[in-house]
Every structure is written in C-alpha cells, then in structure tokens.
Protein chains: 2
Amino acid sequence: MYIPTYDDMLSAHARIKPYIRKTPVRTSDYLDELTGAKLFFKCENFQEPGAFKVRGATNAVFGLDDAQAAQGVATHSSGNHASCLSYAAMKRGIPCNVVMPSTAPQAKKDTVRRYGGKITECAPSTSSREEAFAKVQAESGGDFVHPYNDPRVIAGQGTCSKEFIEQVDGLDAVVAPIGGGGMISGTCLTLATLAPETKVIAAEPEQADDAYRSFKAGHIIADDAPKTIAEGLLVPLKDLTWHFVSNHVSEIYTASEQEIIDAMKLIWKHLRIVMEPSSAVPMATVLKNPEAFKGKRVGLIVTGGNVDLDTLPWLTTP
Amino acid sequence: MYIPTYDDMLSAHARIKPYIRKTPVRTSDYLDELTGAKLFFKCENFQEPGAFKVRGATNAVFGLDDAQAAQGVATHSSGNHASCLSYAAMKRGIPCNVVMPSTAPQAKKDTVRRYGGKITECAPSTSSREEAFAKVQAESGGDFVHPYNDPRVIAGQGTCSKEFIEQVDGLDAVVAPIGGGGMISGTCLTLATLAPETKVIAAEPEQADDAYRSFKAGHIIADDAPKTIAEGLLVPLKDLTWHFVSNHVSEIYTASEQEIIDAMKLIWKHLRIVMEPSSAVPMATVLKNPEAFKGKRVGLIVTGGNVDLDTLPWLTTP
C-alpha cells in the first residue's frame, strides 16, 4: 500500500491546474447568525462536471505515461467519479470505460456519454459488477482508477484544501462528507502539513454510518446495504482511506435523513447554490452540534451539485 | 429630472463597497458549446439579500445626511427592493417602512421583517397602494426611495457593471433583464463611459413586453396588467429609466414563458446556482437569437436568487 505524501499533492496540483477550476468560497451572514459560527463554503459543485472528483480523476489521467494513456482508463461507478473520469479522459483525448449498474439514473449515463465515456451495463450486484469490470479491463487494457482507494485520487482531492487554506485564513476546522473517504483523506493529507492546527471533521448520514462505527471501533466496519438520499456516501472505507481517517480525523458526526434534507434546502435558499444531498451533510452536523462550532471559523466542502431537479427531496415523500 | 452621471456611479461604489459583495462571475463550458458564444454570468443572486437591488438601496440609504437618516426611508414594493432597502436601512440602523399588497408572498414579508423593515399592508390596487403609502410617508417622514426611477438607485445599480468590466475583458455585449429599467439604466450609465464598445441589450418576457414596445414606438407604453412568472419584471418604465433605454440600449429581445422556464432550469443544472425566473430571461433570449451572439463574449446579469423552493416553475402546471 503506497500512502500518498504532501509532495504528491503538490505535484497533483501543478498537473491538474490547467483542467480544473479554482472554485470560489461562499459565505452567508444569515447562516453565520443561525449557527454562531463563521462558515465558509468551498464550492466544488462549481467544477465543470459538478464535483470535486474531477481533481483526483484528472490527476490519475494526466499522470499516466503515453503508453498507458493510449489504452485509456477504466472504472466502476454510478456517480460523480464516472462522469469526472470521463471528463478528464476527454480532456486528454483517451478512452474511458465505465461499468455502471443498469439501474443507474439516466441522467448519470447521459453525462458520462456526453464526455465520451463508454458505458458497460451490469446487474446491480457486486458479483455482476466485478465480472463485468474484469471483462472490460481485460479487453480495453485501461488503467483502473478506483473512485477513492487510489493514492493518485487522494492526492488530487487534497488540492481542494490547499486552495481553501489559501483562500481563507485561520480555519479552526474543515468539515467534509465521508463515504469511501477520498475527500476526507485528501483533506487530512493536505492539512496535516499545511495547517496542522485545523481539525478535520467528517460528516456522515446516520443511515450509512459505517465510517462513524469504524472510527469508534478502531477497525473498518462495512455496512451491509445502507440506504440514504446522500447517495454519494454509500460506499465503505478501504485500507488507504482508513489510514487517513484513523490517523488524522478529529471527529465524525452523523445526521438523519430529515436533517440532511433541511440543511440542503437551507443552503439552496440562503447561499443560492445547487448542491447534492451528500454535500449538505456537513451543514446538517454543524446545525446539530452547535456547541462544537460556536465562535469557530469553519470550512465546509460542498462536494457536488449534480441533482435531478425534477425530484427534489423536500418535494417528494420520503 | 436629475440624470445621474458616471461620477455619481463612482461615488456610489465608494459609498456602498463596505456593505455589498463583489459578486463572482460564473462560466460553463457546456453552455458555451450550446450557444457558440462565450458566456459570463455575474452572480448578483449572491448578494446577502439575494439581489442586485441592494446596490441602489444601499447608495440611497448611506447617501442621506444624518437628519434625513433619522427619519428613515420608505418605499412600496412587493419584491426584492423591499427586502434590499430594509437590509440597507438595518445596516445603517435607521427605520424602513414598506407598503406591500396583502397578497404578497409570505416569504417576501418574512424577509422584510427579518431585516427590521416595518410593513404596512394595502389592497392589491394602485389607488390603495398610493393612499397607504402617502399615509405612511406623512407619519414617518421617511425618505421615499423609488424601486428604480431614482438617480441614487440607478447610480447604485451601475456599480454592478463596473465590477463586471473589471472582472471580464472585452465583453461584446451585456444582457440584463428589463422591468422598470433600473438595472439596465445603471448598466448604460456605466458602460457608456467605461466600455462604450460594449452593447447593452435588454431581455424581457413576451407577456410583459412594454419596454420592447416602448423601444420600438419611441415613447413609453405601459402594460395594463401583465402576467409573467418573471414577477420582478412586471413594472413599467418611468421618465428616468426611459432616458437611458431610449439613448443607450442597442436592442430589446423577448422570450416566452416556456423559454424562460427552460433557460432557468438549464442554468440551475449547469451553473448550479439558484436564480429567479426574471434572471433567466437574458439566457432565454441568447438561446432564442443564436446568430446575434455566436462568437461573441457576452455578459449576463443574474439579477436575483429569491425563489420559493417549494413551487419551482418546471414542477408546476403553467
């Protein structure tokens, strides 16, 4: 297991800078008054493909040597990693193969195809996915870019916090959502060197709280079949992300489905940005734990903004 | 009639800078490909009270001498001007009286009250509003700040384009929505001096096209009772705004209700910002007149982001 270093993150940033956006930071006097904290929202939903995952994907794609690049990249994902990897591959002009469950939302498939990604559908089970992916990889020879348990991906995600620290002085804490742990690991990687006094706090849905339980137990616990509207956070920790979570994360807070929906709507209303349910989990935990954040300067990472605008969670029956 | 000057705009900017935000400019590769133009969106929806109108309101409020200020300000409005004037008055610590029709949305009333504005309700008719406003003004002695036909307000709105020109080089055109014409007038005021080669284009709902018809006829024509989802654009031009529209606007384009809704959803999806139907009219006209914008660098002013998230227009039957 190769653990990415601070220098890997710096190299990643130099490599991906021409292809990603330095996203802005939004603030709201109203939300500050509401929480008693000073909140800074890093808008990764404003990346062109709408998610922070373009950072890690671009680092992996542009780090390939020419021979590897000619064979392209491959992954399995039904979410933002699939579209962001397709986007990065399109920017380099190389093939991208994605294995997706046939049940994935049509909008996600459309986005992957818009960026030139080639989709192979599988049945929505782990065995079917693994079988389909092995076949695709064998046929294409594409380099496997895991959605999070990959040092290139973690180093790429870490560039977000580098920008954040440059944009906002004296953050007491950075709160990011945790699913597989790619963003949180990158955040730990960067802040441990650049701002060791800034706490890294992970935010997780109660209904997919495997990271929280792992953190408390001291070893990885995977959920069986979690269900949450924060669909970007369903996946479990892996060895590499567990390394960062177990060593550098200060706290993991959880929030209920209703708390996530309420926080999402609150941010849409007062920050006037479109963001995913997953991205609302940090705000939900800040609202739920006021004493932990009162009087503090708190950075929140808005991880993505790819939402089906026809089925907003506060307008549908849970 | 005093016509505000470029120097008035510069004074306004110096005066309001501590109280407003220099809003960011958003771009989207996808929307550029779709239109064949290079589009820049100036996000006035990111002002704290959610609309550009905070600029003009703040200029009027902070331009009062102390004796006038002690008596506060007053206006009639059921929209963003009411909340932005209340916000500016709160910042200066002076009273703000607002006459609103009893039928105004509860959310608008709540916002005015949150900023300390005092609401006097009237029946939803011009005569009732005028009667109520005369009474309120006589009792409070508050200085009347018209939503748009006021040189202080127009000079304030003009600061938006000053920032825009500083943020983006070589704009061929700036497109802004037109209702009463306050933003368009401020845009003309600033660009006529700062970037005379940049065209000012107004965008209007077909169903409230009084500015378009006035522009073509060469004199002000007021609609009887226009109806459009772009509720910020219902009001007619007045003498001061007509001065700027008739002298400096290059073109007025119109868009249908469905085109406005489609443009609004498109921007929410690809720019990932929350904006009002009124703010979508410029994009609707760009999509409708591709030949006019192809190959051009086009600035669009996103005027506001105060939307009822429970009744989005693409989810309700028109």
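The values are calculated or read from the model by the stated rules, or taken from the named source; none is laboratory data. Just so you know, these numbers come straight off a predicted model, no measurement behind them. With ideal geometry, Cβ positions are generated from the backbone for all residues, glycine too; neighbour counts draw on all protein chains shown.
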Qualifying residues in region A:168-181 (those that are in a loop (DSSP other than H, G, I, E, B) and of a type outside the set (Gly, Ala, Ser)) - the one surrounded by the most Cβ atoms within 10 Å (Cβ to Cβ): A:178
Criterion (at pLDDT 95 or above, aliphatic (A, V, I, L, M) and closer than 24 Å to residue B:306 by Cα) met by exactly one of B:165, B:184: B:184
Subset of region B:245-283 (residues that are in a loop (DSSP other than H, G, I, E, B) and more than 12 Å from chain A (Cβ to nearest Cβ)): B:256
Single condition residue B:303 does not satisfy, out of (1) surrounded by 22 or more Cβ atoms within 10 Å (Cβ to Cβ); (2) more than 16 Å from residue A:273 (Cα to Cα); (3) β-branched (Val, Ile, Thr): (2)
Residue, farthest from residue B:263 (Cα to Cα), within region B:278-309, restricted to residues that are more than 23 Å from the chain's Cα centre (by Cα) and among the charged types (D, E, K, R): B:296
Among the residues listed as B:104, B:74, the single one being within 22 Å of residue B:130 (Cα to Cα), of a type outside the set (Ser, Thr, Tyr) and assigned to a loop (DSSP other than H, G, I, E, B): B:104
Filter result for the condition that a residue is in contact (Cβ under 8 Å) with a residue 40 or more places away in the chain and either of a type outside the set (A, V, I, L, M) or under 15 Å from residue A:87 (Cβ atoms) (or both), over A:17, A:38: A:38
Meets criteria (surrounded by fewer than 23 Cβ atoms within 10 Å (Cβ to Cβ) and within 14 Å of another protein chain (Cβ to nearest Cβ)) for residue B:216: no
All positions within region B:288-318 that are touching a residue at least 40 places away in the same chain (Cβ under 8 Å) and more than 14 Å from chain A (Cβ to nearest Cβ): B:290, B:292, B:293, B:294, B:295, B:296, B:297, B:298, B:299, B:300, B:301, B:318
Yes/no for residue A:239 being under 30 Å from residue A:193 (Cβ atoms) and away from chain B (no Cβ under 14 Å): yes
Residue that is farthest from residue B:226 (Cα to Cα) [pool: residues in region B:119-129 that are under 22 Å from the mean Cα position of the chain (by Cα) and not polar (S, T, N, Q)]: B:119
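Within region A:82-118, track down each residue that is among the aliphatic types (A, V, I, L, M) and surrounded by fewer than 20 Cβ atoms within 10 Å (Cβ to Cβ). Break it down into steps so the answer makes sense when it comes.
Kept after step one, since they are among the aliphatic types (A, V, I, L, M), are these residues of region A:82-118: A:82, A:85, A:88-90, A:94, A:98-100, A:104, A:107, A:112.
Answer for region A:82-118, where residues must be among the aliphatic types (A, V, I, L, M) and surrounded by fewer than 20 Cβ atoms within 10 Å (Cβ to Cβ): A:90, A:104, A:107.
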Test: residue in region A:147-167 that is assigned to a loop (DSSP other than H, G, I, E, B), acidic (Asp, Glu) and in contact (Cβ under 8 Å) with a residue 24 or more places away in the chain: yes
Options A:252, A:267: the member that is surrounded by 22 or more Cβ atoms within 10 Å (Cβ to Cβ) and of a type in the set (Val, Ile, Thr): A:267
Filter pass, residue A:50 being at positive phi, within 13 Å of chain B (Cβ to nearest Cβ) and out of contact with any Pro (no Cβ under 7 Å at 6 or more places or on another chain): yes
Test: residue in region A:32-42 that is closer than 19 Å to residue B:270 by Cβ and not assigned by TED's automatic domain parsing to the domain that holds residue A:117: no
Unique match (being touching a Lys or Arg at 6+ places or on another chain (Cβ under 9 Å) and among the hydroxyl-bearing types (Ser, Thr, Tyr)) among A:279, A:256: A:256
Selection from region B:46-65 of residues that are more than 28 Å from residue B:131 (Cα to Cα) and among the acidic types (Asp, Glu): B:48
Selection count, region B:259-318, where residues are in contact with a strand residue (DSSP E or B) (Cβ under 9 Å, 6 or more places away or on another chain) and among the β-branched types (Val, Ile, Thr): 11
Residue B:219 being of a type outside the set (D, E, K, R), closer than 21 Å to residue B:150 by Cα and more than 18 Å from the chain's Cα centre (by Cα): yes
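Condition check: under 30 Å from residue B:51 (Cα atoms) and either buried (at least 17 other Cβ atoms within 10 Å of the Cβ) or in contact with a Lys or Arg (Cβ under 6 Å, 6 or more places away or on another chain) (or both). Does residue A:8 satisfy that?
On the way: under 30 Å from residue B:51 (Cα atoms): no; either buried (at least 17 other Cβ atoms within 10 Å of the Cβ) or in contact with a Lys or Arg (Cβ under 6 Å, 6 or more places away or on another chain) (or both): yes.
No; evaluated as a whole, the condition is false for this residue.
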Sole exception among (1) in the same structural domain as residue A:16 (by TED's automatic domain parsing); (2) part of a helix (DSSP H, G or I); (3) within 20 Å of residue A:55 (Cα to Cα) for residue A:113, by number: (1)
